[in-house]
Amino acid sequence: MKFKDHKPIFLQIAEHICDEILQGHYPEGERLPSVREYAAEVEVNVNTVVRSYDWLSQKDIIFNKRGMGYFVNERASDNIRQSLREDFFLETLPELALQMQKLNISVEEVKNALQILQAKE
Amino acid sequence: MISIKNVRFGYNSRQVVLDDFSLEFTQGGIYGLLGKNGTGKSTLLYLMMGLLRPQKGSVSIDGVGTSLRTPEVMSEVFLVPEEYDLPSISLRKYVEVIKPFYPRFSNELLEQCLANFDMTTDIDLGSLSMGQKKKVYMSVALASNTRYLLMDEPTNGLDILSKSQFRKAVIGGMSADKTIIISTHQVHDVELLLDHVCIIERNRVLLNEPIEEKDHAVNLEELFIKTVKDPL
């Protein structure tokens, strides 16, 4: 796994696991690799993966069964999409708004451009 | 705990490598021992192993001086030097010989580590390339299950795939009660494995602290350059 410089590694790993869940690599209800197994797979310190798993647990994407390890939540895909939607409104959209302001682009212009894009799909 | 107190060491009277040098490794975990070339990293590892004796001061592991080389201490510490020769015997024979010295030696872990390197236990030590020799000896070191494992420039001479296998082997062979000290100037090869970073310059410890998640993102090389250029 290739890591970027600007974002905490544990978050990049958590997002990578989300992608893997959405792609069905780890089906809902199934057990995830142990922290140590996953750390060896992506070649990082065990504590980094502990933080990734904690973060995913807080978002109800995975959960811990005492003594049995971590499992993918039954509603993991919905929860991941919910979390990505939040990211969109909290991060992507404000960035877009800033760019629009800088370049003096109106909402109307963006709306039209979006409609053309969607028509193409 | 490994404790280095007020140590002086020089290979001859004109070339003093360490003088009044102190450093402690208090917790378990994976330490990166970084420093520019010639700052005494290898010397420190040899002192910890009791292969060199301090001319002043003391080096102890769990309170016992390492220069005494007591069996109790020696069975809990393993050094993988940067370069070494292995005898021309089979790996099985070699393991048979060293196993009695390491009470928690694990054949299972040896097989697991070798498997990480795409190797088996069925090899002859006399017919190995330099890289293979490193892989075998590192596997033996991890399998010895000592509480302290010292590695001097472990990724030197390994190709890209082998470096990746090395990281997997270290993570797989690590456990909560172990302390692994990796001396290196190849920061990139190991930075994501580390719990602690320790940067030394002659006679001085510039930095000895746990790595915060943020530093992993900031990138250890920058931290190293900043610390060495601009000592605290």
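The values are calculated or read from the model by the stated rules, or taken from the named source; none is laboratory data. The model shown is predicted, which means the values in this text are computed figures rather than measured ones. Counting neighbours? That spans all protein chains shown, and the Cβs are built from the backbone with ideal geometry, glycine included.
Inspect the range A:65-78 for any residue being within 21 Å of B:E212 (Cβ to Cβ) and either in a loop (DSSP other than H, G, I, E, B) or more than 14 Å from every other protein chain (Cβ to nearest Cβ) (or both) and give the result as yes or no.
Within the range A:65-78, the subset within 21 Å of B:E212 (Cβ to Cβ) is none.
No.
On the given criteria, is B:S175 closer than 22 Å to B:F25 by Cβ, outside any helix (DSSP H, G or I) and within 11 Å of another protein chain (Cβ to nearest Cβ)? Talk me through it step by step, then tell me what you get.
Numbers: closer than 22 Å to B:F25 by Cβ: yes; outside any helix (DSSP H, G or I): yes; within 11 Å of another protein chain (Cβ to nearest Cβ): yes.
The answer is yes for B:S175.
Residues to consider are B:D189, B:D122, B:D195, B:D159; find the one that is more than 26 Å from B:S22 (Cα to Cα), within 14 Å of another protein chain (Cβ to nearest Cβ) and in contact with a helix residue (DSSP H, G or I) (Cβ under 8 Å, 6 or more places away or on another chain).
On the way: B:D122 fails: within 14 Å of another protein chain (Cβ to nearest Cβ); B:D195 fails: more than 26 Å from B:S22 (Cα to Cα); B:D159 fails: within 14 Å of another protein chain (Cβ to nearest Cβ).
Sole residue among the options that is more than 26 Å from B:S22 (Cα to Cα), within 14 Å of another protein chain (Cβ to nearest Cβ) and in contact with a helix residue (DSSP H, G or I) (Cβ under 8 Å, 6 or more places away or on another chain): B:D189.
Tell me, yes or no, whether the range B:115-127 has at least one residue that is at negative phi, in a loop (DSSP other than H, G, I, E, B) and free of Cβ contacts under 8 Å to residues at least 12 places away in the same chain. Walk me through how you get there before you give the answer.
Pass one, the range B:115-127, residues at negative phi: B:115-117, B:119-127.
Next, from what is left, pick out any that are in a loop (DSSP other than H, G, I, E, B): B:117, B:119-123.
If we keep only those that are free of Cβ contacts under 8 Å to residues at least 12 places away in the same chain too, we end up with B:120.
Within the range B:115-127, one or more residues are at negative phi, in a loop (DSSP other than H, G, I, E, B) and free of Cβ contacts under 8 Å to residues at least 12 places away in the same chain.
Could we say that B:I225 is at pLDDT below 90 and either over 14 Å from the mean Cα position of the chain (by Cα) or not in a strand (DSSP E or B) (or both) here?
Numbers: at pLDDT below 90: yes; either over 14 Å from the mean Cα position of the chain (by Cα) or not in a strand (DSSP E or B) (or both): yes.
So B:I225 passes the test.
Being surrounded by fewer than 18 Cβ atoms within 10 Å (Cβ to Cβ), within 14 Å of chain A (Cβ to nearest Cβ) and of a type outside the set (D, E), is that true of even one residue in the range B:138-149?
no
List the strands (runs of 3 or more DSSP E) inside the range B:16-80, counting only whole elements, that have at least 3 residues being surrounded by fewer than 19 Cβ atoms within 10 Å (Cβ to Cβ).
On the way: elements: B:29-34, B:56-61, B:77-80.
Correct list: B:56-61.
Would you check if A:S52 is closer than 27 Å to B:I160 by Cα and without any contact (Cβ under 8 Å) to a residue 60 or more places away in the chain? Can you show your working first?
Working: closer than 27 Å to B:I160 by Cα: yes; without any contact (Cβ under 8 Å) to a residue 60 or more places away in the chain: yes.
Taking the combined requirement at face value, the residue satisfies it.
Exactly one condition in (1) surrounded by 10 or more Cβ atoms within 10 Å (Cβ to Cβ); (2) under 25 Å from B:G172 (Cα atoms); (3) more than 19 Å from the chain's Cα centre (by Cα); (4) away from chain B (no Cβ under 14 Å) is false for A:V110; which is it?
Result: A:V110 fails condition (2) only.
A:E43 - would you say it is buried (at least 18 other Cβ atoms within 10 Å of the Cβ) and acidic (D, E)? Quick ask: steps written out before the conclusion?
Details: buried (at least 18 other Cβ atoms within 10 Å of the Cβ): yes; acidic (D, E): yes.
Answer is yes for this residue.
Return only the number of the condition from (1) outside any helix (DSSP H, G or I); (2) farther than 29 Å from B:F166 by Cα that A:M1 does not satisfy.
(2) is the only condition that A:M1 fails.
For the range A:17-45, which residues satisfy the criterion of being in a helix (DSSP H, G or I) and either within 14 Å of another protein chain (Cβ to nearest Cβ) or more than 16 Å from the chain's Cα centre (by Cα) (or both)? Reasoning before the result, please.
Here is the first cut: in the range A:17-45, the ones in a helix (DSSP H, G or I) are A:17-22, A:35-42.
Answer for the range A:17-45, where residues must be in a helix (DSSP H, G or I) and either within 14 Å of another protein chain (Cβ to nearest Cβ) or more than 16 Å from the chain's Cα centre (by Cα) (or both): A:V35, A:R36, A:E37, A:Y38, A:A39, A:A40, A:E41, A:V42.
Pick out the one residue from B:P103, B:P87 that is closer than 15 Å to B:Y137 by Cβ and loosely packed, with under 13 Cβ neighbours inside 10 Å. Lay out the reasoning, then the answer.
Details: B:P103 fails: closer than 15 Å to B:Y137 by Cβ.
Of the residues listed, the single one that is closer than 15 Å to B:Y137 by Cβ and loosely packed, with under 13 Cβ neighbours inside 10 Å is B:P87.
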